[in-house]
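Scroll down for the structure; my scribbles are underneath it.
The values are calculated or read from the model by the stated rules, or taken from the named source; none is laboratory data. Everything quoted here is computed from the prediction, not taken from an experiment. Backbone-built Cβ (ideal geometry, glycine too); neighbour counts: all protein chains shown.
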Amino acid sequence: MPVPELDYTACRGSLEGLRCARVEVPLDYDRPRGATTALALAKRPADQPEGKIGTLFVNPGGPGGAARDFVRAAAFLLGPIVRARFDIVGIDPRGVGGSTPARCTIAKLPPVPRFAFPYSQQQIRKVLVFNARLRGACDRNGNAILDHMSTADTARDMNLVRRAVGDARLSYYGISYGSYLGASYAAMFPGKVRALIVDAVLDPVAWSTGRGDAARRLPFSYRLGSGLGANKAMHSALRECDRVGKRRCAFAHDSVARWEQLVARLKRGPADLGGGGEFSYADLIGFSLGPMYDGSGYRPLMRNLEMLYRIAFGNRRNGTDATGLREAFQDSVVERAIVGPYAAGSFEPGHRLVSFSPGFQGVACADSVNPKDPRAWVGAAVKDEKRGAGGFGRLWTWISSACAGWPGSSSDAFRGPWRVRTETPLLIVGNTYDPATPISGARALRRLLPGSRLVELQTWGHGAIGQSRCVTERFSAYLVKRSLPDRGATCQPDRVLYPGS
């Protein structure tokens, strides 16, 4: 297969200061000399080019996240040792960001669901109709890249660009969905791994096929256990809130019981915020999940839960103000829950023709085996809630609901085997209380890859990068010297969950 040439020029706009390039790669790797698709790259050159080890490829997750936008942040968070010794490169995955985008058009978009997940029968029908219209638009009016968006295709792209930069083996850091891209590369090209870090890890078997008959019955977003992880994170943070007390955490004092009371109250019907505003059960879950991605978000979240608790139970004394609560509720959290965590594009019902880019669905639905019946998500959401995930189970299960009958081809997707021995063992990192990728995913991947090592960061939030000096030191040692930590290694965060005032 021809290796492309990279012709870097100065980036513009938000990427100013980096070096940018575009490269043509095969649209279909089964036809390597056929049609091509364009990839957009950005590079931050090594601070010490005379001592450069090679190129470190990075991916921020999604699927649907633009890796070029992550280059600068990754360089800062990975620390001075890494950015001195590596060019850091982000490739916008095929169909995403500055690469040739996936596009679907629709003459008239149905109303966009404005809730984190459907709870009533009317809301369920609304989501199912919305999904059907999106699938229909991509089926009838989607471009060619929709049939070639699997993670396996992106791994092949990365391998080709790895050859283009002149590296004999791959050095890589990927977080969240980027962990699945890393695991896919490791399984597909085990002899080409120089140093590969995966952070906030998705269980690759759960994402792709599930175990046993789970694929036929249950969506991949149920199989991952993200709802269980989020509910575990919330309850552990509530217990920590009680431990540190009211001065540091506003929701302290029987906080687990009061959270459950609040959930039960909003399940019965929305709370009146005044001024015509309401706050529902789905609002509570969607509102809570967003701040949980960052450990620093828990303290303001607990202040808002205290405010909401007073409102929900009719106690507005002490200056309780619903305006602040409404301002804290981010519409983006709701939209991400329905359209996809990192889906790009604009949904504008007022326009005659709407074009949108299904980055999340285009990748995730191609990668994963899912039930064919759209109503399977109804039962799976209830099942996830009842198995201990609470409302977070409903939210995470419904995120993948467009995958039932998704029109994009999955013929190039990688479905295993995942148990491989790589040239260099992987470094796997996970947070104890991650609300999106529970630590069970990191442990599952560790069992699949002989010789790999797992470092558990004992904290909250999504992803370990930038949270702990201990983790940064292990990243540096591994990437530069390929030195692995001891078995059973743990790290502590640099900041506590509820700092003193």
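Here are some conditions: (1) over 23 Å from residue 453 (Cα atoms); (2) surrounded by 24 or more Cβ atoms within 10 Å (Cβ to Cβ); (3) touching a residue at least 24 places away in the same chain (Cβ under 8 Å). Residue 170 meets all but one. Which one does it not meet?
(1)
Check segment 450-466 and report whether any residue there is in a helix (DSSP H, G or I) and without any contact (Cβ under 8 Å) to a residue 40 or more places away in the chain.
The answer is no; no qualifying residue exists.
Which ones in segment 85-97 are in contact (Cβ under 8 Å) with a residue 60 or more places away in the chain and outside any helix (DSSP H, G or I)?
86, 87, 89, 91, 93, 94, 95, 96, 97
Against the definition (touching a residue at least 24 places away in the same chain (Cβ under 8 Å), in the same structural domain as residue 429 (by TED's automatic domain parsing) and not aliphatic (A, V, I, L, M)), how does residue 190 come out, yes or no? Break it down stepwise before answering.
Numbers: touching a residue at least 24 places away in the same chain (Cβ under 8 Å): yes; in the same structural domain as residue 429 (by TED's automatic domain parsing): yes; not aliphatic (A, V, I, L, M): yes.
Answer is yes for this residue.
Any idea which of 23, 82, 71, 58 is out of contact with any helix residue (DSSP H, G or I) (no Cβ under 7 Å at 6 or more places or on another chain), at negative phi, of a type in the set (Val, Ile, Thr) and assigned by TED's automatic domain parsing to the domain that holds residue 173?
71
Which one is surrounded by the most Cβ atoms within 10 Å (Cβ to Cβ) among residues in segment 284-298 that are under 17 Å from residue 258 (Cβ atoms) and not β-branched (Val, Ile, Thr)?
The residue in question is 288.
Take residue 245 and tell me if it is more than 21 Å from the chain's Cα centre (by Cα) and on the phi > 0 side of the Ramachandran plot.
Working: more than 21 Å from the chain's Cα centre (by Cα): yes; on the phi > 0 side of the Ramachandran plot: yes.
Yes; evaluated as a whole, the condition is true for this residue.
For the list (1) of a type in the set (Gly, Ala, Ser); (2) under 30 Å from residue 412 (Cα atoms); (3) surrounded by fewer than 24 Cβ atoms within 10 Å (Cβ to Cβ), I need the number of the one condition that residue 221 fails.
(3)
Checking the condition of a type in the set (Phe, Trp, Tyr), touching a strand residue (DSSP E or B) at 6+ places or on another chain (Cβ under 7 Å) and farther than 20 Å from residue 398 by Cβ, which residue from 86, 76 passes? Step through it out loud before you land on a result.
On the way: 76 fails: touching a strand residue (DSSP E or B) at 6+ places or on another chain (Cβ under 7 Å).
Answer to the check: 86.
Just checking, which of 477, 442 is in the same structural domain as residue 64 (by TED's automatic domain parsing), surrounded by 15 or more Cβ atoms within 10 Å (Cβ to Cβ) and touching a strand residue (DSSP E or B) at 6+ places or on another chain (Cβ under 7 Å)?
On the way: 477 fails: touching a strand residue (DSSP E or B) at 6+ places or on another chain (Cβ under 7 Å).
Of 477, 442, the one residue that is in the same structural domain as residue 64 (by TED's automatic domain parsing), surrounded by 15 or more Cβ atoms within 10 Å (Cβ to Cβ) and touching a strand residue (DSSP E or B) at 6+ places or on another chain (Cβ under 7 Å) is 442.
So which of 109, 15, 56 ends up being at pLDDT below 95 and not acidic (Asp, Glu)?
Details: 15 fails: at pLDDT below 95; 56 fails: at pLDDT below 95.
The conditions single out 109.
Looking at segment 412-449 only, could you name the residues that are among the hydrophobic types (A, V, I, L, M, F, W, C) and not in a helix (DSSP H, G or I)?
If the condition is that a residue be among the hydrophobic types (A, V, I, L, M, F, W, C) and not in a helix (DSSP H, G or I), then 413, 414, 418, 420, 426, 427, 428, 429, 436, 449 are the ones that fit.
Can you tell me which residues in segment 136-180 are of a type in the set (D, E, K, R), farther than 23 Å from residue 427 by Cα and more than 24 Å from the chain's Cα centre (by Cα)?
139, 140
Among the residues of segment 43-79, write down those that are more than 14 Å from residue 171 (Cβ to Cβ), among the small types (Gly, Ala, Ser) and either buried (at least 23 other Cβ atoms within 10 Å of the Cβ) or in contact (Cβ under 8 Å) with a residue 24 or more places away in the chain (or both).
Selection gives 51, 61, 62, 64, 65, 66, 67, 79.
Does residue 82 meet the test of being outside any helix (DSSP H, G or I) and either buried (at least 23 other Cβ atoms within 10 Å of the Cβ) or among the hydrophobic types (A, V, I, L, M, F, W, C) (or both)? Let's see the steps before the verdict.
Values: outside any helix (DSSP H, G or I): no; either buried (at least 23 other Cβ atoms within 10 Å of the Cβ) or among the hydrophobic types (A, V, I, L, M, F, W, C) (or both): yes.
No: the conditions fail for residue 82.
For every residue, the table says whether it meets (1) over 12 Å from residue 220 (Cβ atoms); (2) under 22 Å from the mean Cα position of the chain (by Cα).
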site: 373; (1), (2): yes, no
site: 376; (1), (2): no, no
site: 385; (1), (2): yes, yes
site: 392; (1), (2): yes, yes
site: 395; (1), (2): yes, yes
site: 411; (1), (2): yes, no
site: 416; (1), (2): yes, yes
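Could you please let me know if residue 314 is closer than 17 Å to residue 116 by Cα and at pLDDT below 90?
No.
Which of the following residues is of a type in the set (Ser, Thr, Tyr) and more than 30 Å from residue 169 (Cα to Cα): 409, 368, 440, 400?
400
Among the residues in segment 26-42, are any buried (at least 17 other Cβ atoms within 10 Å of the Cβ), in the same structural domain as residue 155 (by TED's automatic domain parsing) and among the polar types (S, T, N, Q)?
Checking segment 26-42: at least one residue is buried (at least 17 other Cβ atoms within 10 Å of the Cβ), in the same structural domain as residue 155 (by TED's automatic domain parsing) and among the polar types (S, T, N, Q).
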